[in-house]
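*Asks:* Let me give you the structure first, and then I'll get to my questions.
The values are calculated or read from the model by the stated rules, or taken from the named source; none is laboratory data. Predicted model, so just to flag it, every value in this text is computed and none were measured. Positions of Cβ are generated from backbone atoms using ideal geometry, with glycine treated the same way; all protein chains shown enter the neighbour counts.
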Amino acid sequence: MSKITVITNVEFGKMINAASAALAANAAKINKLNVFPVPDGDTGTNMSLSMASGAQYERDALDTHIGALAKATSKGLLMGARGNSGVILSQIFRGFATSVENKETLTARDLADALMSGAQIAYKSVMKPTEGTILTVIREAAAKANQVANESDDIVVLMRAVDEAAQVALASTPDLLPVLKEVGVVDSGGQGLVFVLNAFYQVLSGEFNEDELKTPDNAELDQMVKELHAGAQANVNLDPNDIAYGYCTEVMVQIGKGTTYDHEFDYDTFYNHLAELGDSLLVINDDEIVKVHVHTENPGEVISWGTHFGSLVKVKVDNMRDQQQAVIDAQRAEEAQVAKIAMTQKQVDTAVITIAAGDGIAALFKSLGVQTVISGGQTMNPATSDLVDAINASDAKQVIILPNNSNIFMAAEQAVDLVDIPAQVVKTRTIQQGLTAMMGYNPEAKLDDNVREMAAMMTEVKSLQVTQAVRDTMLDGVEIHHGDWMGIIDGDIAVVSKKLQDTAIESVAKMLDSDSEIVTIIVGEGTKLKDADRLKKAIEALDDDLEIEVHEGKQPLYPFLISVE
């Protein structure tokens, strides 16, 4: 194993993209580490999508300065962060990027300092840091990096020690967090970070299979092509017939290979001939590959020219006149839709944005005054950028976000920090809390007043989620088997049964008290209304003074969401 004393932009890019590949490959494994055996364990999915956004921003950054690349990675993670695990991962890289912002390359000392900074920022980002989580893993890994950097300038040695320390820290998480030990799993976010750090080590040690990082697209070329097209695509007034060169042609040639190869590659010769065939020409090459982008009326001639210098690896031809017409048609349709919405919606001073899955639940929220419902929640947490975009598109003076899931809290708070519009988060943990919070909403009231009233209202409701266990486990002394029905009351598994109806009825019975007046049943996707009617009658038998409402929510994975007020 060769010694490495400096990380350049090349190694850094491979490290980031290897980490993204590792999380993508292991997302399902991480998801299975969810403490609750519910079907929406999504830590792996969230971390994978978050890291993928960071890697994309890194690839799009046309720079060789590691400080700039780290900043781009951090920005991508920030905007793509999903779930609390994704947000914490973004904060680790924010600290990393802050530490290396003036570094063109990295030494072992620089890398150790960056990891230490990542750990510090991550801890600060969490109001009540909990040991036995991803925070423990980054802290222990960074401490080991700091120690090794004082003894060696070999980055491979340092990263191997970091990798080992992270794995030891991960193995210790059940000892630090009792619920992990009871269930028999390690922390899912910590496992995700171990995959990231292990990918870094594999790249630096030469053990990572670089073929996993190769794609048919070149990031540098792609970014420049995006910039070339951005202006034209935005110009909906451009007549497609006014486009002089109508075919966007991209060719990738493996230099000196294949049966058609009969010209030695010379950049100027290759470039000058293509320059006569059109405009917007880009030619990028290394010793093995040359990539071409050109707008032309003769794509066949461009392709033919490439074959003289080697074997064609990729050919892509797009009709830009058709594309421009599609842009015009889409823009006109969007403008018509915006105009239609503007006709039917009244602008409000304070808009509410909420996250929910299920068309019926979305309709319920809108009937209570919510302006924007972002699809997601239990099975797909929205990215920070989704929330930022929704806030900016609200056309309101101020905004309230109802996450309806504690795993969205950090992304929502991060979004609030990124916008200019005054916004706050009312920390609703369930759909039922979100719906009840809307009873305290006044579109004309001040932001602080709305937040105070909505937060107070949500405390008046008890929430029940009924779903099916996806694996065997032991939790809070209760033995749970795959396929069992579980009644989860305000975040705690209260009832486990073999039958859906029995679980729902027994759970509601636990929620009722002398102050209970209203029970609301929200029926999930695939659940028959006659089953909801049976449940309603069973609840009436418990207390015939209750007012019981039934709504079709069409939410996935949860046959019944029930509230008691």
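*Asks:* Would you please name the residue that is modelled with the lowest pLDDT, looking only at residues in the stretch 294-327 that are β-branched (V, I, T) and over 19 Å from A244 (Cα atoms)?
*Replies:* Here the answer is V313.
*Asks:* Take the residues in the stretch 426-456 that are free of Cβ contacts under 8 Å to residues at least 40 places away in the same chain and hydrophobic (A, V, I, L, M, F, W, C), then tell me which one is surrounded by the most Cβ atoms within 10 Å (Cβ to Cβ).
*Replies:* For the stretch 426-456, the residue satisfying everything is A437.
*Asks:* Please enumerate the residues belonging to the stretch 478-530 that are under 16 Å from Q468 (Cα atoms), acidic (D, E) and either over 33 Å from the mean Cα position of the chain (by Cα) or loosely packed, with under 15 Cβ neighbours inside 10 Å (or both).
*Replies:* Within the stretch 478-530, E479, D492, D502, E506 qualify.
*Asks:* Provide a single number: the residues in the stretch 413-425 that are in contact with a strand residue (DSSP E or B) (Cβ under 6 Å, 6 or more places away or on another chain) and crowded, with 24+ Cβ neighbours inside 10 Å.
*Replies:* 1
*Asks:* Mind listing whichever residues of the stretch 271-285 are over 23 Å from M320 (Cβ atoms) and surrounded by 16 or more Cβ atoms within 10 Å (Cβ to Cβ)?
*Replies:* N285
*Asks:* Among the residues of the stretch 501-555, which ones are farther than 15 Å from Q432 by Cβ, in contact (Cβ under 8 Å) with a residue 60 or more places away in the chain and in contact with a Lys or Arg (Cβ under 8 Å, 6 or more places away or on another chain)?
*Replies:* E525
*Asks:* OK, next. From (1) surrounded by fewer than 21 Cβ atoms within 10 Å (Cβ to Cβ); (2) under 32 Å from the mean Cα position of the chain (by Cα); (3) within 21 Å of D359 (Cα to Cα), pick out the condition that doesn't hold for T459.
*Replies:* Going through (1) surrounded by fewer than 21 Cβ atoms within 10 Å (Cβ to Cβ); (2) under 32 Å from the mean Cα position of the chain (by Cα); (3) within 21 Å of D359 (Cα to Cα) one by one, T459 breaks only (3).
*Asks:* Given the conditions (1) assigned to a loop (DSSP other than H, G, I, E, B); (2) buried (at least 24 other Cβ atoms within 10 Å of the Cβ); (3) more than 15 Å from the chain's Cα centre (by Cα), report the number of the one that N381 does not fulfil.
*Replies:* In the conditions (1) assigned to a loop (DSSP other than H, G, I, E, B); (2) buried (at least 24 other Cβ atoms within 10 Å of the Cβ); (3) more than 15 Å from the chain's Cα centre (by Cα), N381 misses (3) alone.
*Asks:* Of all residues in the stretch 555-565 being part of a loop (DSSP other than H, G, I, E, B) and at pLDDT 90 or above, which is surrounded by the most Cβ atoms within 10 Å (Cβ to Cβ)?
*Replies:* So, considering only residues that are part of a loop (DSSP other than H, G, I, E, B) and at pLDDT 90 or above, the one surrounded by the most Cβ atoms within 10 Å (Cβ to Cβ) is Y558.
*Asks:* Next question. If you go through the stretch 109-116 one residue at a time, do you hit one that is small (G, A, S), touching a strand residue (DSSP E or B) at 6+ places or on another chain (Cβ under 8 Å) and either in a helix (DSSP H, G or I) or surrounded by fewer than 21 Cβ atoms within 10 Å (Cβ to Cβ) (or both)?
*Replies:* yes
Condition check ((1) at pLDDT below 95; (2) within 29 Å of D63 (Cα to Cα)) across all residues:
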site: A114; (1), (2): no, yes
site: R139; (1), (2): no, no
site: A143; (1), (2): no, no
site: N146; (1), (2): no, yes
site: A149; (1), (2): no, yes
site: V157; (1), (2): no, yes
site: A169; (1), (2): no, no
site: P174; (1), (2): yes, no
site: L177; (1), (2): yes, no
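*Asks:* Of the conditions (1) over 29 Å from the mean Cα position of the chain (by Cα); (2) at pLDDT 65 or above, L368 satisfies every one except a single condition; which number is it?
*Replies:* Checking L368 against (1) over 29 Å from the mean Cα position of the chain (by Cα); (2) at pLDDT 65 or above, the one that fails is (1).
*Asks:* Taking the stretch 100-119 as the region of interest, how many residues are within 18 Å of N150 (Cβ to Cβ) and under 24 Å from the mean Cα position of the chain (by Cα)?
*Replies:* 4
*Asks:* If I go through the stretch 255-270 residue by residue, how many of them are part of a loop (DSSP other than H, G, I, E, B), among the polar types (S, T, N, Q) and either surrounded by 10 or more Cβ atoms within 10 Å (Cβ to Cβ) or not assigned by TED's automatic domain parsing to the domain that holds G310 (or both)?
*Replies:* Selection size over the stretch 255-270: 1.
Yes/no per residue for (1) out of contact with any Lys or Arg (no Cβ under 8 Å at 6 or more places or on another chain); (2) of a type outside the set (S, T, N, Q); (3) under 19 Å from F200 (Cβ atoms):
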position	(1), (2), (3)
T8	yes, no, yes
V35	yes, yes, no
A52	yes, yes, yes
A72	yes, yes, yes
R82	yes, yes, no
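Okay, residues lined up against (1) assigned to a helix (DSSP H, G or I); (2) among the polar types (S, T, N, Q):
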| site | (1), (2) |
| --- | --- |
| A145 | yes, no |
| V148 | yes, no |
| S152 | no, yes |
| R160 | yes, no |
| A166 | yes, no |
| S172 | yes, yes |
| L180 | yes, no |
| V185 | no, no |
| G190 | yes, no |
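*Asks:* Do any residues in the stretch 468-488 that are of a type in the set (S, T, Y) have Cβ atoms under 9 Å from those of residues that are part of a strand (DSSP E or B), where the two are at least six apart or on different chains, and which pairs are they?
*Replies:* Close Cβ pairs satisfying both conditions: T473/E479; T473/I480.
*Asks:* Still on this structure, please answer the following. If V100 passes every condition in (1) touching a helix residue (DSSP H, G or I) at 6+ places or on another chain (Cβ under 6 Å); (2) farther than 21 Å from G376 by Cβ; (3) surrounded by fewer than 24 Cβ atoms within 10 Å (Cβ to Cβ) but one, which one does it miss?
*Replies:* Failing condition for V100: (3).
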